[in-house]
1. Looking at A:A57, is it modelled with pLDDT under 95 and either buried (at least 18 other Cβ atoms within 10 Å of the Cβ) or away from chain B (no Cβ under 14 Å) (or both)?
2. Mind telling me which of the residues B:S186, B:S154 ends up being at pLDDT 95 or above, polar (S, T, N, Q) and either in a loop (DSSP other than H, G, I, E, B) or within 24 Å of the chain's Cα centre (by Cα) (or both)?
3. Considering every residue within the range B:13-24, establish whether at least one is outside any helix (DSSP H, G or I) and within 30 Å of B:K120 (Cβ to Cβ).
4. Restricting attention to the range B:404-431, and to residues there that are facing another protein chain (nearest Cβ under 10 Å) and more than 24 Å from B:F24 (Cα to Cα), which single residue is nearest to the chain's Cα centre (by Cα)?
5. Of everything in the range A:105-121 that's assigned to a strand (DSSP E or B) and either in contact with a Cys (Cβ under 8 Å, 6 or more places away or on another chain) or surrounded by fewer than 17 Cβ atoms within 10 Å (Cβ to Cβ) (or both), which residue is nearest to the other protein chains (Cβ to nearest Cβ)?
6. Scan the range A:127-158 residue by residue and report those that are assigned to a strand (DSSP E or B) and either among the charged types (D, E, K, R) or buried (at least 17 other Cβ atoms within 10 Å of the Cβ) (or both).
7. Residue by residue through the range B:6-54, note down the ones that are among the basic types (K, R) and either surrounded by 22 or more Cβ atoms within 10 Å (Cβ to Cβ) or touching a residue at least 12 places away in the same chain (Cβ under 8 Å) (or both).
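The values are calculated or read from the model by the stated rules, or taken from the named source; none is laboratory data. None of the values given here were measured: they were computed from a predicted structure. With ideal geometry, Cβ positions are generated from the backbone for all residues, glycine too; neighbour counts draw on all protein chains shown.
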Amino acid sequence: MLLIQVRGYSMSEIAPSIIQIKPYLQSGIVLSEALSIKQVIPTTHLLVPYALEKISAGFPSPAQDYIDKALDMNEHLIKNETATFIVKVASLSMLNAGIDIDDELIVDRSLDAKHGDIVVALIDNDFTVKRLMIEESRKWLKAENPEYKNIYLQEGQELIIWGVVTCIIKMIRNS
Amino acid sequence: MKHENKVFFLIDVNNMYVSCERVFDPSLNNKSVIVLSNNDGCAVARSNESKALNIKMGVPLFQIKDIVQQHNVIVLSSNYAMYAEMSRRFHKILSSYVTDEEVEPYSIDECFVDFTAYEKNFDLEKVGQEMRQQIWKWLGLPVCVGIGRSKTESKIANHIAKKNPGFNSVCDLVNMDPCNKEYYFSLIEVSEVWGVGRKHSKKLQSMGINTVLDLACAEPREMQKKFSIVMARTIYELQGISCIEIEHTPPSKKQIVASRSFGGRVTELTDLKEAISMYAQDACKRLRDEGLLCGCMIAFVQSNPFDPNVPFYNKSITGSFSEPTDCAIDFVKAATSMLNDIYKEGIKYKKCGVVLTGLEPKSGHTYDLLTDFEHIEKKECLMQAMDGIHSKFGKKKLGVGPCFIPGRNWSMSRDKLSRNPFIWDQLILVK
């Protein structure tokens, strides 16, 4: 006689329960009702492939042979991921530097701000984006819009550089 | 293994949650701030200003309402998504100082670094200052650095750096004069030692061991008889002999807990079922991320433990699966049916949840001879489709039951939630 041991139980002991469980399992999976899908949050990386050489029309070789590397926008726009933050602009004070309301700025905190850099700064614990001007020992913030005032430090005021702006993301076609 | 020439750094973010909030909302600087636990229950992080008001760690908000009003303490909900991203960056910066094998992220705001291999070539205190300055500049987070010959010693060093402003946030016990070291050890209560805790410190005090110095001078082998090998190891560590190595890979999970308290009080069984079905799905997601199967589930419900007027109701039930599973539908089915057995009418529930135990790696599971593979494959296909939808559209777009529809009766309250500056539509605004 052949006795099959399964996890310490003999076949005859568990067989009846299997017969009861099987139809239960096969009675089907009940799918829950699908919820409406409203918002898309893109979480994938988008890679745009580019060709290394020009491909002449009618050339038989498949184009894949010429694609060496894909363009990675993150790699292109962000040099130091760990120290990079993205902020949104809420004023017209830097319009002539090409920075408009709702533009997004890539800010790298690891960089040392130099004269002429556009920076995100803190004045009295408020965020502001301006051009940093360093003249001899004095620092001030320049607005790039004649309708806005430059910021000169008052007595007791402190200028804290929060980060250096490296890039403006400007959506020019709103969908 | 015991080593006498190791060097460990312990880097720890000061008041992590409050400090994170301040990076993105500088108006919180220099003010009394507290961050509450899930559901705005208890204070889990306090700025130094709040600590000065004698607000204790973990105190329920209602017990400090008066202090909060009188001193205009700013109260925030916890923004875990944001803290987690800042924590990732914090650990990443520290791992750039050594190799990946020499870093151990110990918690959301603490990190051990094994610097042994580089001791000869660097001034340890200078390296500590560099770490501190880099984390401050790149992330805006203030940290303290402790340096010692063992993990336990680096923890004590960190404590010394935190309590004594003269150290400028970095304390190096490796190069400290032994007399100075004894002096600082004699100032710190034994309960501050890593791994000692409140229970042991009472017994230690009864033996006349009150300070870190007392414990460091104790005889390890004798103490092992009175306590355990752990205590002996702690004493060696305090004497500068390293016994606890950097842990590279976290030990595989023993259990997964998913529970949260409700925004209001919940009394209806249907509401409880909705809530528990969400926690079951959260737990399932974590289980699948780890590549595990679950054999056993515990479901529990609780009333509010702080309500002095009604007795505390706390019930749980355990159920096991005929075949270990990682399918959300199985978990929801099991959790909601188990709830029937522990639900009692007339209770104002504050919390419910599930615990998954009996975990094993999916890859190593041996199926039973009579397994219905066709059925398991069907479930797996369904789960993969769900996982795909979750990673593409967010985890609230598809679920089992109505739990992800907004505005449920049991939804968590997070009234004072700050923005998450790492999400496109919540970026910080600059003028």
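1. Working: modelled with pLDDT under 95: yes; either buried (at least 18 other Cβ atoms within 10 Å of the Cβ) or away from chain B (no Cβ under 14 Å) (or both): yes.
Against the criterion (modelled with pLDDT under 95 and either buried (at least 18 other Cβ atoms within 10 Å of the Cβ) or away from chain B (no Cβ under 14 Å) (or both)), A:A57 qualifies.
2. Details: B:S186 fails: either in a loop (DSSP other than H, G, I, E, B) or within 24 Å of the chain's Cα centre (by Cα) (or both).
Sole residue among the options that is at pLDDT 95 or above, polar (S, T, N, Q) and either in a loop (DSSP other than H, G, I, E, B) or within 24 Å of the chain's Cα centre (by Cα) (or both): B:S154.
3. Keep residues of the range B:13-24 that are outside any helix (DSSP H, G or I), which gives B:13-15.
Filter again for within 30 Å of B:K120 (Cβ to Cβ), leaving B:13.
Within the range B:13-24 (the criterion being outside any helix (DSSP H, G or I) and within 30 Å of B:K120 (Cβ to Cβ)), the answer is yes, since at least one residue qualifies.
4. Initial filter on the range B:404-431 (facing another protein chain (nearest Cβ under 10 Å)): B:404-405, B:421-431.
Remaining after also requiring more than 24 Å from B:F24 (Cα to Cα): B:404-405.
Details: B:F404: 25, B:I405: 28 Å.
Checking each candidate, the answer is B:F404.
5. My answer is A:L105.
6. Of all residues in the range A:127-158, those assigned to a strand (DSSP E or B) come to A:127-135, A:138-142, A:151-152.
A:F127, A:T128, A:V129, A:K130, A:R131, A:L132, A:E135, A:R138, A:K139, A:L141, A:K142, A:I151 - these are the residues of the range A:127-158 that are assigned to a strand (DSSP E or B) and either among the charged types (D, E, K, R) or buried (at least 17 other Cβ atoms within 10 Å of the Cβ) (or both).
7. Just the residues of the range B:6-54 that are among the basic types (K, R), to begin with: B:6, B:22, B:31, B:46, B:51.
Those that are among the basic types (K, R) and either surrounded by 22 or more Cβ atoms within 10 Å (Cβ to Cβ) or touching a residue at least 12 places away in the same chain (Cβ under 8 Å) (or both): B:K6, B:R22, B:K31, B:R46.
Residue-wise test of (1) of a type in the set (K, R); (2) over 30 Å from B:N5 (Cβ atoms); (3) free of Cβ contacts under 8 Å to residues at least 40 places away in the same chain; (4) crowded, with 20+ Cβ neighbours inside 10 Å.
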| residue | (1), (2), (3), (4) |
| --- | --- |
| B:Q239 | no, no, yes, no |
| B:C243 | no, no, no, yes |
| B:I246 | no, no, no, no |
| B:K254 | yes, yes, no, no |
| B:V257 | no, yes, no, no |
| B:R260 | yes, yes, no, no |
| B:V266 | no, yes, no, yes |
| B:K273 | yes, yes, no, yes |
| B:I298 | no, yes, no, no |
